[in-house]
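Undergrad: Below are the structure tokens for one structure; questions will follow.
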Amino acid sequence: MNVVVVGSGIAGLTAALHAHEAGHRVTVVTKGELGDGSTALAQGGVAGEYGPGDSAARHAADTLSAGAGLCDPAAVEMLVREAPARIAELAARGVGFDRDPHGRLLRGREAAHSHARIVHAGGDATGAAIRHALVAGVRRAGIDVVEHAFLLDIVADHAVRGIRSLEAGVTRDRDADAVILATGGAGHLYAHTTDPAGITGDGIAAALRAGAAAADLEFMQFHPTVLATGAPFLISEAVRGEGATLIDDTGRRFAFDFHPDGELAPRDVVSRAIARTAGAQGAPVRLDATMLGAERLARRFPTIDRVTRERGHDWAEEALPITPAAHYLMGGVCTDLDGRTTIPWLFAVGETARTGVHGANRLASNSLLEGAVFGARAAAALRAPWTALDAASVHGGPGPIMHDDGDSDAAATAPPFSRSALQRLMWEEVGLLRTRHGLRRALAVFRAWRSVSPPAGASAADHEDANLLLLAEATASAALARPASVGAHFLEIPHLETV
């Protein structure tokens, strides 16, 4: 079978390696260089290494709890059951997970996990280690790689026929018997994001244009602790897992005001607590890790230690100013447990996919695991006859699209379209704290901008803007269609508002 994998993070490269090893002809098409994307930036680790008193069942329970009742239990069970095998596979492919002097994997704990079950590499450089190992594996295997190729569209009639891409300014059609989308999420919908520059929802947008079902786009996870000075830089949740605390400008720990688990509450709760506290005091809150000591911080978090010091912060002596930022999209293209979408022979894996694993709020360190598990499963499904995914059968189901044109006054006074204007509007109205009035205003503006389309001879940046606009409208529509707060979708005083 001729297989095109679009994207080269953990999900895409895992799928490519498994497909190649199964005898398929594989081409990896990637927007930047091989291995670029969010995977390389992941600090925390991979959940699923179960020690004494822990189990896959406990991991599943934590995942379901964090997902606020909207996870697909079958997908979660699949994820945790296959976790040890995928971690072992990553180690076998060359990922140097951190170990104790006896050679046993070291396990860390992050927020909303009941046990320490997260393996890491290089302290806080897990993603970089995974990227290095998988890229090396693809190179050794001789898999065809096309770099600096921008996905324009899925080519399909009743089934996938290939992709259309922009390569060196030239549009090219690439035939395929199957396409696996692994292009990541859509963090650049927002003015503040931890995602690298190329994460603009290209695979999800292309799938939507091709007619594939999507769901849960309203669930964007905001990472609570991103350095508030300079370019966005994520401070791993594992820092709080080691004992760091969140403090306001008086030095008081405030997280327990919002949840009994304090700093280790689910990410959506912690992010909102930070946003509210920072808003009330008119200045960023701070992450205090000074109690961990300089030696421990440098050993356990060498990347964070280096970057914060380069930016003038001695976090062993002072608390770091932090803010939330858009981090991970829980929704995406609807798939079954093998990555199949509603379009025959179109698969989606990783952050591009909505597998049902994350529900309304992703449990920390389940994302790298999801990429490894479902990337392998999608490749294995290439050997089986196609089984159509019925969108109506998807756990939770794709949400309805709102046909209300929104706030007509907002549409009439919409500013000229620009990416920065879109990102600001998403941050203000479709971000951490939402109102139905604000969502309707945003939807109206997005629909007023809808006439914007890439011009003839458009650049990749023009196509990125079109993708972001399509996803912004779909996200605001999905948020309006969900009447109650749950997980990452939080409506302010909804009982006082009217549609």
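Undergrad: So if I check each of Ala40, Ala68, Ala16, which one is assigned by TED's automatic domain parsing to the domain that holds Ala372, surrounded by fewer than 22 Cβ atoms within 10 Å (Cβ to Cβ) and out of contact with any Lys or Arg (no Cβ under 6 Å at 6 or more places or on another chain)? Steps first, please.
TA: Numbers: Ala40 fails: out of contact with any Lys or Arg (no Cβ under 6 Å at 6 or more places or on another chain); Ala16 fails: surrounded by fewer than 22 Cβ atoms within 10 Å (Cβ to Cβ).
Only one candidate qualifies: Ala68.
Undergrad: For region 1-92, which fully contained helices (runs of 4 or more DSSP H) count at least 2 residues that are under 22 Å from Trp345 (Cα atoms)?
TA: 10-21, 73-92
Undergrad: Related question: Just wondering, is there one or more residues in region 290-298 that are in a strand (DSSP E or B), of a type in the set (Lys, Arg) and at pLDDT 95 or above?
TA: no
Undergrad: Related question: Looking only at residues that are of a type in the set (D, E, K, R) and within 17 Å of Ala275 (Cβ to Cβ) in region 213-251, which one is surrounded by the fewest Cβ atoms within 10 Å (Cβ to Cβ)?
TA: Asp249
Undergrad: Would you be able to tell me the number of residues in region 87-98 that are surrounded by 18 or more Cβ atoms within 10 Å (Cβ to Cβ) and either under 19 Å from the mean Cα position of the chain (by Cα) or acidic (Asp, Glu) (or both)?
TA: Going through region 87-98 one residue at a time, the tally reaches 1.
Undergrad: For region 440-461, state whether one or more residues are over 23 Å from Asp202 (Cα atoms) and either at pLDDT 95 or above or in contact with a His (Cβ under 7 Å, 6 or more places away or on another chain) (or both).
TA: The answer is yes; a qualifying residue exists.
Undergrad: Consider Ala128 carefully, then state whether it is outside any loop (DSSP other than H, G, I, E, B), within 20 Å of the chain's Cα centre (by Cα) and crowded, with 22+ Cβ neighbours inside 10 Å. Talk me through it step by step, then tell me what you get.
TA: On the way: outside any loop (DSSP other than H, G, I, E, B): yes; within 20 Å of the chain's Cα centre (by Cα): yes; crowded, with 22+ Cβ neighbours inside 10 Å: no.
Criteria not met by Ala128.
Undergrad: Looking at (1) farther than 27 Å from Thr342 by Cβ; (2) charged (D, E, K, R); (3) in contact (Cβ under 8 Å) with a residue 24 or more places away in the chain, which is the one condition that is false for Arg140?
TA: It is condition (3) that Arg140 fails.
Undergrad: Ok, one more. Just name the residue that is surrounded by the fewest Cβ atoms within 10 Å (Cβ to Cβ) out of those in region 99-114 that are outside any strand (DSSP E or B) and touching a helix residue (DSSP H, G or I) at 6+ places or on another chain (Cβ under 6 Å).
TA: Let us first name the residues in region 99-114 that are outside any strand (DSSP E or B), namely 100-104, 106-107, 109-114.
Checking the rest, the ones that are also touching a helix residue (DSSP H, G or I) at 6+ places or on another chain (Cβ under 6 Å) come to 109-114.
Numbers: Arg109: 20, Glu110: 24, Ala111: 23, Ala112: 23, His113: 25, Ser114: 14.
Looking at residues that are outside any strand (DSSP E or B) and touching a helix residue (DSSP H, G or I) at 6+ places or on another chain (Cβ under 6 Å), I get Ser114.
Undergrad: Which residue pairs have Cβ atoms under 8 Å apart, sit 6 or more places apart or on different chains, and have a first residue in region 313-337 that is within 21 Å of Val269 (Cα to Cα) and a second that is among the aromatic types (Phe, Trp, Tyr) and in a strand (DSSP E or B)?
TA: Pro324/Phe222; Ala325/Phe222; Ala326/Phe222; His327/Phe222
The values are calculated or read from the model by the stated rules, or taken from the named source; none is laboratory data. A quick note: this is a predicted structure, and the numbers were derived from the prediction, not measured. Don't worry about glycine lacking a Cβ; one is built from the backbone with ideal geometry, like all the others, and counts go over all protein chains shown.
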